[in-house]
Amino acid sequence: MRRHRDQVRMSTPDPTDVHPAWLPDEAWRAIGVRRILVRGEGTLVDTVQAEVERATHRYGGAVWRNPTDADLPPADLVLALTGAPPPDSPPAPEPGPPQTSGTLAGTAVAAAKAQLDIATAQVGESLGAEGFVVARHAGVTVVLADAPAGLLYGLFELVRLGAAGFGPTHPVRVHRPAMARRMLDHWDNVDVHPVMGQVERGYAGGSIFWRDGRPRGDRARVTAYARLLAACGINAVSVNNVNVHATEARLLTERLDDVAELADLLRPYAIRVHLAVTFAAPVVLGGLPTADPLDPAVRDWWAETTARVYARIPDFGGYLVKADSEGQPGPFSYGRDHADGANLLAEALAPYGGVVHWRAFVYNHRQDWRDRSTDRARAAYDHFAPLDGRFRDNVIVQVKHGPMDFQTREPVSPVIAAMPGTRLAVEFQVTQEYTGQQRHVCYLAPWWSEILRFAPWGDDGRTVADVAADGGGLVAVSNVGDDRFWTGHPLAQANLYAFGRLCWNPRLGPQAVLDEWIDLTFAPDTRVDPDLLRRTLHEIMDDSWRTYERYTAPLGVGFMVRPGHHYGPDVDGYEYTPWGTYHFADRDGVGVDRTRATGTGFTGQYPPPFAERYESVETCPDELLLFFHHVPYGHLLHSGSTVIQHIYDTHFEGVREVEAMCRRWEWLARLVDPAVHARVTERLAEQLRCAREWRDQVNAYFHRKSGIPDAHGRMLH
Ligand code: GCV
């Protein structure tokens, strides 16, 4: 069998020279020149101190930790826990130009605390475990947090602000994360899998955690990763693939030390470790004859095993389970349902405050393609919605954002609106399995933002972000590997950064997030022409997801990719397979009839108004038309184009846009690090080749099926 990993690898990682991503030294300059006072105790405050010391060593500032009031040094930045003793605070600062003195620092902290008290009284909410405030008063910048993690996040907010964090006076600005859990799932294998390689759907080299069956042992790399994740707000990482193979299963028991070592490295950056476990663990690890969730011996096994996990890793986050899906074992084997299965693990985790993330990605992957009534899009809802209310409090049902599988365009999963009595987490895919595999520029934040703002019950109702915030938060599949740029394509770093930031605040605009990423990654002082760089990166990236959509599968139909590795076009690649991923193109039309009237009935899984909106071709949005309807090629879209002409036009347009990206990137040759420039240039060449391939295959396919020529007489092959 061929290895997908080898098919997609483009460059050999160079472990000696890892790119700093969004934390280059230059991003710390504004902090590094300050006189900094750090107040508080604990591991995370130690991390804050170590970070600012590193910056001040480079840029000439100074740091004091918990000085007594008697020898209070002058400071122009204070990072303090609210519970820590305040610096000396005299009645009023001297008017005039900003000064730096111990007393001014004390005054600034006192002012910030007073404002914080008022703000807290107004909203009736404290800063919590992760919130913080930033204020600027009398020439002193103050970051206050109730808990150490908040101080760490406050520090990274200051890094983002750069010089702007030390500008004019401003009252406290309160920051709290929207999502309590902001999690990355690594689909990393411990052993190299014969088909999927070291990282399933990984496009950035090997794993940063594992290599050839053992821990990779690069502690510095894991620490660097933890820093990057904390800087964008991630606080949980699952360290192994949800497809749990034989070696990976043992991480739960005899290989627990390997997990503990990762936990030790991630902990100083407020990241908790989670583990993907196999539901069959009592059998394959414990030697029991059954994994039946209602069997007392099975419950005991999970309780004892989990106790050992917490004895070794006291802040362990919990388990992640893919059950009864794509060959993974689950409760169905014992005639039980997913609530029985999830509750079993939740019960074992509950005494320690752990959670089980139980994935709703459950469908029949051995479907008969001849059977038009079975609809994979329905599966997650059909399995899970009836179980609403039966899950324990520490079960988080983790739902892929769309009903199929991370396609370039899908509707929002109806499960998100169907389980008010269950904590739901929404799952995204930062790794670009179906969106160009980190060979193509595809900035995904606009897509995620659209999903997070989607209001399934209508415009005035709660959004997807609200459901996640009230439930289990957001989760995404990581796009990181041991590649020197972390993500293969250097511009794909922006997706990882943006995911973290949208978890923290789903209302952030994708372009504003991109600005943050640009400012940090290409720190201003090192840029020859910052405006040109920023403008050009926006021109290349802002609309790149829609560009990708234009030259690949049209109008929400999906899955026209090469089977197995999922890269490049193959319009019929999945059409006659058991995977449930069809487009049903014939000579007359294309698309999947998922209506209640004549199709699979999937539209009925949505609440109003979407049940009606998607049911009718009149009201179904163009971009999802072929997801919900089978229509003739001459069907007129709301855009005024026919379906067939839309296919031709968007495919020509998409390739033109990639050609423009390539030209724009050339302009940046002298403005960015030559190694970054060379890597992106290499990837863009492949993107252009592949986009042309998509255009020509998709256009030729539909021309041959329909016999309808292009209205503009272009070459269709
Ligand atoms: C980890 C898709 C991917 C699989 C992945 C699966 C999942 O089917 O192609 O590689 O398995 O999703 O999300 O579990």
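The values are calculated or read from the model by the stated rules, or taken from the named source; none is laboratory data. Worth saying up front: this structure is predicted, and the values here are computed from it rather than measured. Backbone-built Cβ (ideal geometry, glycine too); neighbour counts: all protein chains shown. These area figures cover heavy atoms from the full protein model, side chains too; ligands, DNA and RNA do not enter into them. Shrake-Rupley method; radii C 1.70, N 1.55, O 1.52, S 1.80 Å.
The table that follows gives values for the structure above.
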quantity	calculated
Selected residue (only one of D340, D393, D368, D388 is within 26 Å of T290 (Cβ to Cβ) and among the charged types (D, E, K, R))	D340
Matching entry among G564, G573 (being among the small types (G, A, S) and within 26 Å of E623 (Cβ to Cβ))	G573
All strands (runs of 3 or more DSSP E) inside the range 130-205 with 1 or more residues being farther than 30 Å from V395 by Cβ	132-137, 140-145, 170-175, 188-193, 197-199
Members of the range 403-437 found to be acidic (D, E) and either more than 11 Å from the ligand (Cβ to nearest atom) or closer than 18 Å to H383 by Cβ (or both), listed by number	D405, E410, E427
Qualifying residue in the range 669-687 (condition: under 23 Å from Y582 (Cα atoms) and within 28 Å of the chain's Cα centre (by Cα))	no
Options A112, A145, A129: the member that is open to solvent by less than 10 Å² (accessible area, probe 1.4 Å), over 22 Å from D25 (Cα atoms), small (G, A, S) and modelled with pLDDT of 95 or more	A145
Condition check for G317: away from the ligand (no atom under 16 Å from the Cβ) and open to solvent by 10 Å² or more (accessible area, probe 1.4 Å)	no
Unique residue being under 18 Å from V273 (Cβ atoms), of a type in the set (K, R) and either open to solvent by less than 10 Å² (accessible area, probe 1.4 Å) or in contact (Cβ under 8 Å) with a residue 24 or more places away in the chain (or both) when the list is R214, R201, R176	R214
Residues of the range 325-350 satisfying the condition of being touching a residue at least 12 places away in the same chain (Cβ under 8 Å), open to solvent by 30 Å² or more (accessible area, probe 1.4 Å) and of a type outside the set (S, T, N, Q)	E326, G327, P329, Y334, R336, D337, D340, E347, A350
Every residue from the range 658-682 that is farther than 22 Å from P530 by Cβ, in contact (Cβ under 8 Å) with a residue 60 or more places away in the chain and either open to solvent by 10 Å² or more (accessible area, probe 1.4 Å) or not in a helix (DSSP H, G or I) (or both)	E682
Options F627, F584, F602; residue that is more than 26 Å from the chain's Cα centre (by Cα), more than 16 Å from the ligand (Cβ to nearest atom) and open to solvent by less than 20 Å² (accessible area, probe 1.4 Å)	F602
Per-region count, the range 465-515, residues more than 16 Å from the ligand (Cβ to nearest atom), among the small types (G, A, S) and open to solvent by less than 20 Å² (accessible area, probe 1.4 Å)	10
Selection count where residues are under 25 Å from H440 (Cβ atoms) and touching a residue at least 40 places away in the same chain (Cβ under 8 Å), scope the range 573-590	8
Subset tally (residues that are in a loop (DSSP other than H, G, I, E, B) and either of a type in the set (D, E, K, R) or under 25 Å from P674 (Cβ atoms) (or both)) for the range 489-547	9
Selection within the range 234-249 - touching a helix residue (DSSP H, G or I) at 6+ places or on another chain (Cβ under 7 Å) and not β-branched (V, I, T)	N240, N241, A249
F384 vs. criteria surrounded by 22 or more Cβ atoms within 10 Å (Cβ to Cβ) and either more than 24 Å from the chain's Cα centre (by Cα) or more than 16 Å from the ligand (Cβ to nearest atom) (or both)	no
Residue tally, condition in contact with a helix residue (DSSP H, G or I) (Cβ under 8 Å, 6 or more places away or on another chain), in a loop (DSSP other than H, G, I, E, B) and open to solvent by 10 Å² or more (accessible area, probe 1.4 Å), over the range 250-277	3
Residue tally, condition in contact (Cβ under 8 Å) with a residue 40 or more places away in the chain and either more than 11 Å from Y633 (Cα to Cα) or touching a strand residue (DSSP E or B) at 6+ places or on another chain (Cβ under 9 Å) (or both), over the range 698-711	9
Matching entry among T290, T305, T247 (being assigned to a helix (DSSP H, G or I), farther than 30 Å from L152 by Cα, free of Cβ contacts under 8 Å to residues at least 60 places away in the same chain and open to solvent by 10 Å² or more (accessible area, probe 1.4 Å))	T247
Test: residue in the range 321-329 that is more than 23 Å from V475 (Cα to Cα), touching a Gly at 6+ places or on another chain (Cβ under 7 Å), within 15 Å of the ligand (Cβ to nearest atom) and part of a loop (DSSP other than H, G, I, E, B)	no
Hits in the range 412-457 - residues which are open to solvent by less than 10 Å² (accessible area, probe 1.4 Å), under 24 Å from P386 (Cα atoms) and of a type in the set (F, W, Y)	F428
Identity of the residue in the range 392-402, in a loop (DSSP other than H, G, I, E, B) and away from the ligand (no atom under 13 Å from the Cβ), that ends up surrounded by the most Cβ atoms within 10 Å (Cβ to Cβ)	N394
